[in-house]
Amino acid sequence: MTPQTDSPGAAAAGTWTLGDLTINRIGFGAMRLTQDGEAFAPGVAPSDRDRAVRVLRRAVELGVNHIDTAAFYFSPLRSANELINRALAPYPDDLVITAKVGPGRDPSGAWLPHAGPGQLRGQVEENLRQLGRDHLDVVNLRIVGTGSIAERFGALADLRDAGLIRHLGISNVHPHHLAEARAIAPVVCVQNPYGLGLRPEHDDFVRGCGEQGVAFVPFYALAGAGREAGVTGAADSDEVLAVARAHGASPAQVRLAWTLHRGPHVLAIPGTGNPDHLAANVAAGALRLSAHDLALLDALHRNGPQDRLMRPTGRA
């Protein structure tokens, strides 16, 4: 099936406001720009620099004005931040760049322990240097575990007060982390793994973010539960394929559309280094699912994928 690519652009998905910054709900994730294939995978060839630059420029032409990146998105010879700088600087006035801090990698690519409060300023400044900016529009504190984030989030709040950061978010968190962070400083977004069949137990958290005016930005929304389970995702289900056929769309577009239908505060940041995939991802913002489609997919989300995904598919 040939994915739909003839949408009016990212604006078709509608807009949301991160603090005082208005963005289209279909954005772009930069993680996959640096390698041909799965980001950070050992032995994978670096991406083609010129193609990555073309993808970024084409994303902006299609109306994408929200790019998610991080200084730790790099592979041998490639850095997502520096690709963004090369492709888009001087930056359009409406472009919002969201960065993540917390994780770190050494020059060989090996992961380092997550940054403590005293190390976060250095990570913010490295993102600024690579991007060629004097401030970051949004910075997400990415965490591991369920412990307190108060000290580290407080350090970012100090950098916000100093003018290095405009708005703050949190990533890979639980509901109590949002309450803890909001007691320290305003939070404009939560970025968590979530998608069709992935973490249905977080449905209430997704809704709760919307009730508090906080954007919910899922990652792995395209891969679904298969991204974490290591097998093929919800696109293999008969339900997703049926909805895709009914709309002349691809299963990936159906997953993106379903994600956006979870609420007006839910954003999407699909990433790719392929220009055709980029156009298809942006076109998914114009896909309107019917009540019947949503009922079918919601039932799959709640009940179907987990059992199905744990069964071998026979694919490599």
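A residue that is within 15 Å of the chain's Cα centre (by Cα) and either closer than 20 Å to residue 67 by Cα or modelled with pLDDT of 95 or more (or both) can be found somewhere in region 200-207. Taking the conditions exactly as written (touching a Gly at 6+ places or on another chain (Cβ under 8 Å) and part of a helix (DSSP H, G or I)), does residue 206 satisfy them or not? For residue 206, the condition - touching a Gly at 6+ places or on another chain (Cβ under 8 Å) and part of a helix (DSSP H, G or I) - is met. On the stretch given as region 253-276, residues that are out of contact with any strand residue (DSSP E or B) (no Cβ under 7 Å at 6 or more places or on another chain), at pLDDT 95 or above and in a helix (DSSP H, G or I) total 4. Hey, residue 313 hits all of (1) of a type in the set (Val, Ile, Thr); (2) more than 14 Å from residue 24 (Cβ to Cβ); (3) modelled with pLDDT of 95 or more but one; which does it fall short on? All conditions are met except number (3).
Do the conditions hold for residue 137, that is, is it modelled with pLDDT of 95 or more, surrounded by 19 or more Cβ atoms within 10 Å (Cβ to Cβ) and among the acidic types (Asp, Glu)? It would help to see each step written out before you state the result.
Working: modelled with pLDDT of 95 or more: yes; surrounded by 19 or more Cβ atoms within 10 Å (Cβ to Cβ): yes; among the acidic types (Asp, Glu): yes.
Yes: the conditions hold for residue 137.
Filtering region 97-116 to residues that are part of a loop (DSSP other than H, G, I, E, B) and buried (at least 17 other Cβ atoms within 10 Å of the Cβ) leaves 102, 103, 114, 115. Inclusion of residue 44 among residues that are under 15 Å from the mean Cα position of the chain (by Cα) and assigned to a loop (DSSP other than H, G, I, E, B) is not warranted.
Within region 141-157, residues that are of a type in the set (D, E, K, R) have Cβ atoms under 7 Å from residues that are assigned to a helix (DSSP H, G or I) in these pairs: 151/117; 152/117; 152/120, counting only partners at least 6 apart in sequence or on another chain. Taking each residue of region 11-26 that is in contact (Cβ under 8 Å) with a residue 40 or more places away in the chain and looking for partners that are among the β-branched types (Val, Ile, Thr) and surrounded by fewer than 18 Cβ atoms within 10 Å (Cβ to Cβ) with beta-carbon atoms closer than 8 Å, six or more apart or interchain, yields 16/22; 22/15; 23/15; 23/17; 24/15; 25/15. Scanning region 49-78 for residues that are surrounded by 16 or more Cβ atoms within 10 Å (Cβ to Cβ) and part of a loop (DSSP other than H, G, I, E, B) turns up 62, 63, 64, 65, 71, 72, 73.
Evaluated against (1) at pLDDT 95 or above; (2) exposed (fewer than 12 other Cβ atoms within 10 Å of the Cβ); (3) among the charged types (D, E, K, R), residue 94 falls short on exactly one condition, (2). With respect to (1) in contact with a strand residue (DSSP E or B) (Cβ under 9 Å, 6 or more places away or on another chain); (2) surrounded by 18 or more Cβ atoms within 10 Å (Cβ to Cβ), the lone exception for residue 87 is condition (1). Here is a check on your reading of the model: is residue 107 out of contact with any Cys (no Cβ under 8 Å at 6 or more places or on another chain) and closer than 22 Å to residue 190 by Cα? No: the conditions fail for residue 107. Considering only residues in region 103-123 that are in contact with a Phe, Trp or Tyr (Cβ under 9 Å, 6 or more places away or on another chain) and small (Gly, Ala, Ser), the one that is modelled with the lowest pLDDT turns out to be 109.
Test residue 119 against the criterion of being without any contact (Cβ under 8 Å) to a residue 24 or more places away in the chain, part of a helix (DSSP H, G or I), at negative phi and surrounded by fewer than 23 Cβ atoms within 10 Å (Cβ to Cβ), and give yes or no. Here the answer is yes, as residue 119 does meet what is asked. If you go through region 49-77 and pick out every residue that is modelled with pLDDT of 95 or more, out of contact with any helix residue (DSSP H, G or I) (no Cβ under 8 Å at 6 or more places or on another chain) and not charged (D, E, K, R), you end up with 2. Of everything in region 10-48 that is in contact with a Leu (Cβ under 7 Å, 6 or more places away or on another chain) and at pLDDT below 95, the residue that is surrounded by the fewest Cβ atoms within 10 Å (Cβ to Cβ) is 46. Scanning region 243-278 for residues that are surrounded by fewer than 22 Cβ atoms within 10 Å (Cβ to Cβ), among the small types (Gly, Ala, Ser) and closer than 19 Å to residue 17 by Cβ gives a single hit, 263.
The values are calculated or read from the model by the stated rules, or taken from the named source; none is laboratory data. What you are looking at is a predicted structure, and each value in this text was computed from that prediction instead of being measured. Please note: Cβ atoms are built from the backbone with ideal geometry, for glycine as well, and neighbour counts cover all protein chains shown.
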